[in-house]
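Here the structure comes first, spelled out in structure tokens, and everything after it is commentary.
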């Protein structure tokens, strides 16, 4: 899958020590997808990351873009143990 990180997403990925493999897992094999509440064109892809104590990685992307644009990403504490 081809994707491109925004400057914001790239910065957050480094700050939060999110590995590329985890990002790609969320993009290609999400356990759940959700529309963005404020911007319906954006999509949230959620994946449980076993290597990170089963925390849930939330990746916000714009599926209309080619390559796929990654807007931001973070671990969603409110979903740990719920997916």
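See the values below:
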read-out	value
Lone unmet requirement of (1) under 18 Å from residue 5 (Cβ atoms); (2) more than 10 Å from the chain's Cα centre (by Cα); (3) modelled with pLDDT of 95 or more for residue 35	(1)
Matching residues, the range 11-20, being part of a helix (DSSP H, G or I) and loosely packed, with under 10 Cβ neighbours inside 10 Å	14, 15, 20
Search result, residues across the range 35-57 that are touching a residue at least 24 places away in the same chain (Cβ under 8 Å) and surrounded by 14 or more Cβ atoms within 10 Å (Cβ to Cβ)	36, 42, 46, 47, 48, 49, 52, 55, 56, 57
Of the criteria (1) under 15 Å from residue 74 (Cβ atoms); (2) touching a residue at least 40 places away in the same chain (Cβ under 8 Å); (3) surrounded by 14 or more Cβ atoms within 10 Å (Cβ to Cβ), which one residue 32 fails	(1)
Qualifying residue in the range 60-67 (condition: in contact with a strand residue (DSSP E or B) (Cβ under 6 Å, 6 or more places away or on another chain), touching a residue at least 60 places away in the same chain (Cβ under 8 Å) and closer than 16 Å to residue 1 by Cα)	yes
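The values are calculated or read from the model by the stated rules, or taken from the named source; none is laboratory data. The model shown is predicted, which means the values in this text are computed figures rather than measured ones. Neighbour counts are summed over all protein chains in view; Cβ atoms, including those assigned to glycine, are modelled from backbone coordinates with ideal geometry.
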